[in-house]
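The values are calculated or read from the model by the stated rules, or taken from the named source; none is laboratory data. Just so it is clear, the model here is predicted, and its values are computed rather than measured. Cβ coordinates were reconstructed from backbone atoms using ideal geometry, including for glycine residues, and neighbour counts include every protein chain displayed. Surface areas here come from the heavy atoms of the whole protein model, side chains and all, with no ligands, DNA or RNA. Shrake-Rupley method; radii C 1.70, N 1.55, O 1.52, S 1.80 Å.
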Amino acid sequence: MAFGDGGCGGQCADRLDLDFTMAFQPIVDVANGDVWAHEALVRGLQGQGAGWVLGQVTDSTRYAFDQSCRIKAIELASSLPMNGARLSINFLPNAVYKAEACIRATLAAARRTGFPTDRIIFEVTENERVVDHDHLKSIFNEYKRQGFLTAIDDFGSGYSGLNLLAEFQPDIIKLDMELTRNIDSERARRSIVKAILAVCEDLAITPIAEGIETADEAKTLRDLGVTLMQGYLFAKPAFQAVVTDPEMAMLAA
């Protein structure tokens, strides 16, 4: 499959010859047991992991890959029983040149498939070193203007931390699994997460806890006020499918 210009006037990148697909992992609202969103995760056609796919992307094909990931995620999600849940898509900020131009292919895919733009979340990982913070801020502002939700993924693990949050405030932050792992038994992690949650409340940002693997972790986070969670406790990523009945054994927490 060949991917080229997606709305940047043919100046953004070389063509990308790479076949891939998506898996989807649910983000669960433990307050009511609903699936709040599904995160699209890139996979090879035979189920190879994201690293296998990303290893074939070069600097010159980064833009084409970023564009085709968005389109593939929307097209697949529109064919699956989302039941009103949101779709979360990772994007590569260093691949986006001019946000208002580069978003055209995404908007076209949403219109073509009938997927509501207000149910699409664009998340950028804190682990990616952002070359130009002003550029990322302009991307987020444009996405919000277009009606998309925005998120910082892996919050608390990357290069910028709170400095990134000070420069722009997304709709959502996803607490990295290094902060949530063993939070039930480690006071320092609880204290750090409490402080982050206080900032989220003050800035009207929705927190999501990632990497939840045990009921004790989930209960502790629920006691701290986090209701949106993602992790193997609920469901592993489903290859070209969505999980509509994630494990809810701990919802009484």
### Query
Can you name the residue in the stretch 143-180 that is under 22 Å from R119 (Cβ atoms) and part of a helix (DSSP H, G or I) and is also least open to solvent (accessible area, probe 1.4 Å) among such residues?
Y143
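For the structure I just gave you, tell me whether G47 is surrounded by fewer than 23 Cβ atoms within 10 Å (Cβ to Cβ), under 14 Å from A241 (Cβ atoms) and either at pLDDT below 95 or in contact with a strand residue (DSSP E or B) (Cβ under 8 Å, 6 or more places away or on another chain) (or both).
Numbers: surrounded by fewer than 23 Cβ atoms within 10 Å (Cβ to Cβ): yes; under 14 Å from A241 (Cβ atoms): yes; either at pLDDT below 95 or in contact with a strand residue (DSSP E or B) (Cβ under 8 Å, 6 or more places away or on another chain) (or both): yes.
For G47, the condition - surrounded by fewer than 23 Cβ atoms within 10 Å (Cβ to Cβ), under 14 Å from A241 (Cβ atoms) and either at pLDDT below 95 or in contact with a strand residue (DSSP E or B) (Cβ under 8 Å, 6 or more places away or on another chain) (or both) - is met.
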### Task
Report, ordered by the first and then the second residue, all pairs with beta carbons closer than 6 Å, sequence separation of six or more or different chains, a first member in the stretch 107-126 that is open to solvent by less than 10 Å² (accessible area, probe 1.4 Å), and a second member that is of a type in the set (S, T, N, Q) and part of a strand (DSSP E or B).
I121/S88; F122/T150; E123/S88; E123/N90
### Query
If you scan the stretch 32-41, which residues turn out to be closer than 21 Å to D118 by Cβ and over 16 Å from the mean Cα position of the chain (by Cα)?
N32, D34
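When residues of the stretch 32-44 are filtered for being exposed (fewer than 14 other Cβ atoms within 10 Å of the Cβ) and without any contact (Cβ under 8 Å) to a residue 60 or more places away in the chain, how many remain?
Residues of the stretch 32-44 that are exposed (fewer than 14 other Cβ atoms within 10 Å of the Cβ), as a first pass: 32-33.
From what's left, without any contact (Cβ under 8 Å) to a residue 60 or more places away in the chain: 32.
The qualifying residues number 1.
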### Message
Pairs needed: first member in the stretch 62-85, farther than 19 Å from L107 by Cβ; second member anywhere, basic (K, R) and open to solvent by 10 Å² or more (accessible area, probe 1.4 Å); C-beta distance under 8 Å; at least 6 residues apart or different chains.
### Response
G84/R119; A85/R119
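Any residue in the stretch 205-221 that is outside any loop (DSSP other than H, G, I, E, B), farther than 26 Å from F24 by Cα and either of a type in the set (D, E, K, R) or over 17 Å from the mean Cα position of the chain (by Cα) (or both)?
no
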### Query
Exactly one of (1) in contact with a strand residue (DSSP E or B) (Cβ under 7 Å, 6 or more places away or on another chain); (2) open to solvent by less than 40 Å² (accessible area, probe 1.4 Å); (3) not small (G, A, S); (4) not in a helix (DSSP H, G or I) is unmet by T244. Its number?
(2)
### Message
Where the second residue is open to solvent by less than 10 Å² (accessible area, probe 1.4 Å) and the first is among the aromatic types (F, W, Y) and lies in the stretch 164-184, which pairs have Cβ atoms under 6 Å and are six or more apart or on separate chains?
### Response
F168/F140
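May I ask you to verify whether G231 is touching a Gly at 6+ places or on another chain (Cβ under 7 Å) and outside any helix (DSSP H, G or I)? Lay out the reasoning, then the answer.
On the way: touching a Gly at 6+ places or on another chain (Cβ under 7 Å): yes; outside any helix (DSSP H, G or I): yes.
Yes, satisfied.
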### Message
Is it the case, given these coordinates, that I183 is under 18 Å from I27 (Cβ atoms) and surrounded by fewer than 21 Cβ atoms within 10 Å (Cβ to Cβ)?
### Response
no
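Only one of L92, L54 is under 17 Å from the mean Cα position of the chain (by Cα), modelled with pLDDT under 90 and surrounded by fewer than 16 Cβ atoms within 10 Å (Cβ to Cβ); which?
On the way: L92 fails: surrounded by fewer than 16 Cβ atoms within 10 Å (Cβ to Cβ).
Going through L92, L54 in turn, the sole match is L54.
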